Amino acid sequence: MCSLSLFPPLPPWGQVTLYEYNNELVTGDSYESPPPDFRGQWINLPVLHLTKDPLKTPGRLDHGTKTAFVHHRESIWKRCINAWCDVGVSGVLNEVANSEEEVFKWVKTASSWALALCRWGSFLHGSLFPHLSLRSEDLIAEFAQVTNWSSCCLRVFAWHPHTNKFAVVLLDDSIRVYNANSTIVPSLKHRLQRNVAALAWKPLSASVLAVACQSCILIWTLDPNSLSTRPSSGCAQVLSHPGHSPVTSLAWSPNGGRLLSASPVDAAVLVWDISTETCVPLPWFRGGGVTYLLWSPDGSKVLATTPSAIFRVWEAQMWTCERWPTLSGRCQTGCWSPDGNRLLFTVVGEPLIYSLTFPEHSREGKGQVGGAKTATIVADLSETTIQTPSGEERLGGEAHSMVWDPSGERLAVLMKGNPHVQHGKPVILLFRTRNSPVFELLPCGVVQGEPGAWAQLIAFHPSFNKGALLSVCWSTGRIAHIPLYFVNAQFPRFSPMLGRTQEPPAGGGGSTHMPLFTESAPISSPWDPSSGTSWSNSPTGRL
Amino acid sequence: MVLLLAAPGPGPLALWPLTCYGAPLPAPGGPVSFPWVGGSAPGLQLLWVLGWRIATSVVCSVLLLPVCTTAFVVFSSLNLLHPIQWISDAFHNLYGSYVVFYLLLLSLVVVIISIFNIEFYTVAPSIPCSRLALIGKIVHPQQVMHSLVHSAMGMLMAWCAAVMTKDQYHVLAVPCTDSDSLDSKVARACLNEYHLFLLLAGAFMGYSYSLLYFVNNMNYLPFPIIQQYKFLRFRRALPLLLRHSAVESLYLVRNFCGLYYFLGYIPKAWIMTLHLLLPPPLDSLSGLLDLSLLYHVWLCGVFLLVTWYITWVLFKIYATEAHVFPVQPMFTGDSEECLPKVLNGSSPLIIKYLALQDLMLLSQYSPSRRQEVFSLSQPGGHPHNWVAISRECLALLNDLTQKLVIYQEAAATNGRVKPPPSSVESKKPPVMEEIAFQTPKANLMSKALMPSLVKASLFSSKFTSPDSPAPIVSLFGDGVGSRMAGVGDFKSPVYKGPLSPQLTRRGPRLWTSLTGELWTGGALIVSFPAQVKSFLSKRVLIVYFFSKHPEASIQAVFSDAQMHIWALEGLSHLVAASFTEDRFGVVQTTLPTILSTLLMLQEAVDKHFKLPHASSRPPRLSGSLVDTSYKTLRFALRASLKTAIYRITTTFGEHLNAVQASAEHQKRLQQFLEFKE
């Protein structure tokens, strides 16, 4: 099991992590001034600094025209009809119960009784699933994969799966789409685009972006050749389903066919066919809702976490599911290995990373998830003290979100803020991982931002061919892209130009790391884990 | 109890072979046989598969009947004040031996209903382009028979329901003493109007069901967007079905009450010749406001609709379930059932749909079956499987491209100066000779044979655009052209196959006979038809019936697009998988053809979406039992076409530059490679 005590020392205060090269995380004074010998390799991506000031505060609560009119008391039945249209039965009951001398006494009494019964029922329901009594903003903030959804100026971030393009949701719920090859930054706004909790670009498409909003899912179609900076709301398609709000998670199937959406209030996951606007609710069994959806990269399985201590893995052909109920808390986050055979997840209240394996052959078997019976612990993130040149530092806690790069060689973990660690700042831990022939997890380093900046969310670029590219959104509004250079097993054709032409920009390699987590292989592999399994044996080490 | 159905001729709807059904018994052992005619029948086994599916669906719906009946009996003797008595009464009613008889009768009804489902189902919906066409659809003899049988079945079900309800509903004639002649004391039979009301309501509901069945295109079999087990699909449909039935029954009761209020005296007078009437009459306001009666009629309606909808839903679920076709024949004999043969053969449309669905699934989920597709034949080493599959998919896509191009040509001629109609009618149009006699081009021929004025208005709603340069066009109102359109609805692009000359002339003949009469008028001849037409065009009713719905014709073009969507998905997944799995390089030989076909289709689809009304979406009905996904199939096709091209370009990447393609297509491919489409 990997523990934090073997992590390399934290970078000095005031330095920011710029990139990884030769197994070392290289730091510098600021993002704007990378080391001179490195500039040639710098990737052409917009480094953004979006500040909070020009944004409107999310105080625009009431868009209606109600305030412009003089209040006029209508008759009780008219009010009842209005309440029926707005709220439903409970609204009508409320109107009748609160009316004075307009209805018969017994009608009023009956409706008060019915209302009390309704409230009692919803209270009972709420006590079974406590999260249902939260406001929808709190609900989103509670289950979001970002550390501070409610007040940070960057809310959601999503890379396009194929190109150097990403979309960011700002605090005022507008979306900006940045493209490396173009200076046009479309800004997307829509009447229904409120409380955006998730973004998802459609795979195998240039321009389709799904947005999870308060009451619906918006599907934006952005013409990549368009020069418009303000696409009209006619480009957006609205999908809604009764009882399915707020939508907090979206997942496209990797072959671009179907979209899944989930809400912590609705127990059913919806499978959407976007073009015909039909949806199929997937059956549910227990749990008050679904908080987070993650489709495995090979498209065969879907992770669905719930607010209760249970999570499910759906198999994406016949849509049957397996449940893992014996957790101490709800599943906080998870990530799939590139081949979809391994799931790493963390649980609220435990500083551990679990791993769950799925056999390869389950792809042919129809309607079988076939996961392992128990999950193994692969990393212990509990609080430890590590020695640094400037003294002792504490590190560790619970994980908040976790991302695995598409080649399966780096794992980034965003920790929850812990008052004992870095004054409560969320820390980003970076691990090296290997999936075959056996699973390995090794510490790599800590990603540090500017002083005073809190990490808001992390994401890997889905198609970076020089290794991996970690994008970190900081609470200051900066989006930093941290390239991690290594020979990528996913793109074997890539030849490391950097290694041949230039000297390493900083620090020599040669660091000797011990294998910290090694799973015993089911069959004896030619590669022997006991002797010289140090990192230098891996292709990366030979750089 | 063996039931034989006389199928109404080899009509276009009778896709399924004639079927004989075994007894609706739980034991799945009823005799199922398929008498079919014709040499190119698909494999025996496939028809067996279909037959078994239908038989199982019927058996399932019959098995669910006791459940529905129990629920009905329990609810019909509803007594909230004495719950224990209520339950015991209900179960006492259920234990009677006569219940078995009613169950058998209801099973018969269910079997007949499912036979109609089987006879009338379609995988490509027929979309009426104008209101007249819709009416024509309803008064078609087959549909009339459907409606009549359904109202008879509705009446039968209502009778069963009435008898099971007991109370005051269970007999038509009750003994009564004549109040006028108290001294006679002769017991006479009086009419129980409650019973009559219930029976007529049943007939009305059966008829309405049949009407809505056609109006809402409920005979269309939509294939599910994800694969799921049958039980889960049924369970998912059940709450929706119950809610829909309850609400619809409410509306039907309302409509029936209105109808009975005005027309209730007719059946009553007819029956009164036999019986006397019990007071008070029901076709009065006070009579109709009997809550107990309304509740029972509503419950009877719910019972009827739920049983029928369950039959319908089960049929849909069983018929659209994925079937695994073998890619290669296991033995030499049964090559008829394998995927390439089924795709190429002239099998019923449903089997072709199932085969394409299976192709899509195997290309996506099954590496071992993909390997069979890419394999070579044993002696000879030819990639027969791949060649047959890809040829059929490409033929489908080419057909669609042609259909779209022809549609666009027709739409583009709108507003252009036309030769006078007489010349078109007198001599053969030059288009005739040029056209190769291909199936989709038959439309063009039929259009060319019509007066060009009609043609101009047929395919576009922008008939009276102000900038129209043709004076002759603006002479006639919108209604005339569309009137012709209404008459000539058989020319909708869905129609396939060469037209018979009789049919082709049906549209113009209406006008030639009219002008023939007027020819004697001499000088009037030019203006008078125009006057007639403009006169007609101003009649609101005529415009109402004959005006073409602009979107309907666009929907009609894409009515069978589900096939093309699967072909696209199957083909693109296979090509993408061939990058790593195709050991013999069989796909490489067809890759340029596939790419050019896809790009040509992309071009045609792009152009099509520039037509008016093509890119606007119809409003969505969420959570309804009625499926309207066929209305938006064109968007699904566009999306899956783009995804298919992207799937190939992202898999092959830079290697695509080595594929032979025209300069234009190279440019387009480059756009796709750079994600700029």
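The values are calculated or read from the model by the stated rules, or taken from the named source; none is laboratory data. Computed from a predicted structure; not experimentally measured. Please note: Cβ atoms are built from the backbone with ideal geometry, for glycine as well, and neighbour counts cover all protein chains shown.
Which ones in region B:601-647 are surrounded by 16 or more Cβ atoms within 10 Å (Cβ to Cβ), in contact with a Lys or Arg (Cβ under 8 Å, 6 or more places away or on another chain) and within 11 Å of another protein chain (Cβ to nearest Cβ)?
Listed by number, the residues that qualify are B:Thr628, B:Thr632, B:Phe635.
Quick check, is A:Gly243 among the small types (Gly, Ala, Ser), touching a residue at least 12 places away in the same chain (Cβ under 8 Å) and buried (at least 22 other Cβ atoms within 10 Å of the Cβ)?
Judged against the criteria, A:Gly243 is not a match.
Helices (runs of 4 or more DSSP H) wholly in region B:490-597 with at least 3 residues that are modelled with pLDDT of 90 or more and among the hydrophobic types (A, V, I, L, M, F, W, C) - which ones?
Hits in region B:490-597: B:561-581.
Test B:Thr651 against the stated conditions and say whether it is free of Cβ contacts under 8 Å to residues at least 60 places away in the same chain, among the hydroxyl-bearing types (Ser, Thr, Tyr) and assigned to a helix (DSSP H, G or I).
Taking the combined requirement at face value, the residue does not satisfy it.
Six or more apart or on different chains, Cβ atoms under 7 Å: show the pairs whose first residue is in region B:274-298 and of a type in the set (Phe, Trp, Tyr) and whose second is modelled with pLDDT of 70 or more.
From region B:274-298, the pairs are B:Trp298/B:Ser249; B:Trp298/B:Leu250; B:Trp298/B:Val253.
List the helices (runs of 4 or more DSSP H) inside region B:310-419, counting only whole elements, that have at least 3 residues being touching a residue at least 12 places away in the same chain (Cβ under 8 Å) and away from chain A (no Cβ under 14 Å).
The helices (runs of 4 or more DSSP H) meeting that bar are B:339-344, B:349-365, B:384-412.
Criterion first (modelled with pLDDT of 75 or more, of a type in the set (D, E, K, R) and closer than 30 Å to A:His481 by Cβ) does A:Glu142 satisfy it?
Yes: the conditions hold for A:Glu142.
Looking at region A:214-223, which of its residues are assigned to a loop (DSSP other than H, G, I, E, B) and surrounded by 23 or more Cβ atoms within 10 Å (Cβ to Cβ)?
Across region A:214-223, the qualifying residue is only A:Cys216.
Just for region B:237-275: of the residues that are buried (at least 16 other Cβ atoms within 10 Å of the Cβ) and touching an Asp or Glu at 6+ places or on another chain (Cβ under 9 Å), which one is modelled with the highest pLDDT?
Among those residues, the one meeting the criterion is B:Tyr260.
Among the residues of region B:576-588, which ones are in contact (Cβ under 8 Å) with a residue 24 or more places away in the chain and not aromatic (Phe, Trp, Tyr)?
Hits for region B:576-588 are B:Ala576, B:Ala577, B:Ser578, B:Glu581, B:Asp582, B:Arg583, B:Val586, B:Val587.
Only residues that are over 24 Å from the mean Cα position of the chain (by Cα) and either among the hydroxyl-bearing types (Ser, Thr, Tyr) or not assigned by the TED database to the domain that holds B:Leu568 (or both): list them for region B:382-408, please.
Within region B:382-408, just B:Ser390 meets the criteria.
Which members of region A:20-47 meet the condition of being modelled with pLDDT under 75 and among the aliphatic types (A, V, I, L, M)?
Those that are modelled with pLDDT under 75 and among the aliphatic types (A, V, I, L, M): A:Ile43, A:Leu45, A:Val47.
State all residues of region B:652-677 that are crowded, with 17+ Cβ neighbours inside 10 Å and not aliphatic (A, V, I, L, M); if no residue qualifies, say none.
Selection gives B:Phe652, B:His665, B:Arg668, B:Phe672, B:Phe675, B:Glu677.
Give me a count of the residues in region A:179-210 that are more than 11 Å from chain B (Cβ to nearest Cβ), within 19 Å of the chain's Cα centre (by Cα) and either among the aromatic types (Phe, Trp, Tyr) or under 20 Å from A:Ala459 (Cα atoms) (or both).
Final tally of qualifying residues: 7.
Please go through region A:211-239 and pick out each residue that is within 12 Å of chain B (Cβ to nearest Cβ) and charged (D, E, K, R).
A:Asp223
Can you confirm whether region A:321-337 contains a residue that is within 14 Å of chain B (Cβ to nearest Cβ) and in a loop (DSSP other than H, G, I, E, B)?
no
Give the residues of region A:87-98 that are surrounded by 17 or more Cβ atoms within 10 Å (Cβ to Cβ) and outside any helix (DSSP H, G or I), sorted by residue number.
Passing the criteria: none in range.
Keeping to region A:123-161, report how many residues are surrounded by fewer than 19 Cβ atoms within 10 Å (Cβ to Cβ) and in a loop (DSSP other than H, G, I, E, B).
Selection size over region A:123-161: 6.
For the structure I just gave you, tell me whether B:Thr69 is assigned by the TED database to the domain that holds B:Lys316 and in contact with a helix residue (DSSP H, G or I) (Cβ under 7 Å, 6 or more places away or on another chain).
For B:Thr69, the condition - assigned by the TED database to the domain that holds B:Lys316 and in contact with a helix residue (DSSP H, G or I) (Cβ under 7 Å, 6 or more places away or on another chain) - is met.
Any residue that is within 30 Å of B:Cys60 (Cβ to Cβ), within 14 Å of another protein chain (Cβ to nearest Cβ) and either under 33 Å from the mean Cα position of the chain (by Cα) or not in a helix (DSSP H, G or I) (or both) - is there at least one of those in region B:245-259?
Checked region B:245-259: no residue is within 30 Å of B:Cys60 (Cβ to Cβ), within 14 Å of another protein chain (Cβ to nearest Cβ) and either under 33 Å from the mean Cα position of the chain (by Cα) or not in a helix (DSSP H, G or I) (or both).
Out of the residues in region A:240-284 that are of a type in the set (Asp, Glu) and assigned to a loop (DSSP other than H, G, I, E, B), which is farthest from the other protein chains (Cβ to nearest Cβ)?
A:Asp266
Look at region B:203-243 and say how many of its residues are more than 14 Å from chain A (Cβ to nearest Cβ) and touching a Ser or Thr at 6+ places or on another chain (Cβ under 7 Å).
Residues meeting the conditions: 7.
Given A:Leu344, A:Leu352, which one is touching a residue at least 60 places away in the same chain (Cβ under 8 Å) and away from chain B (no Cβ under 14 Å)?
A:Leu344 is the lone residue from the list that is touching a residue at least 60 places away in the same chain (Cβ under 8 Å) and away from chain B (no Cβ under 14 Å).
Which members of region B:71-86 meet the condition of being in a helix (DSSP H, G or I) and modelled with pLDDT under 85?
Hit for region B:71-86 is B:Pro83, nothing else.
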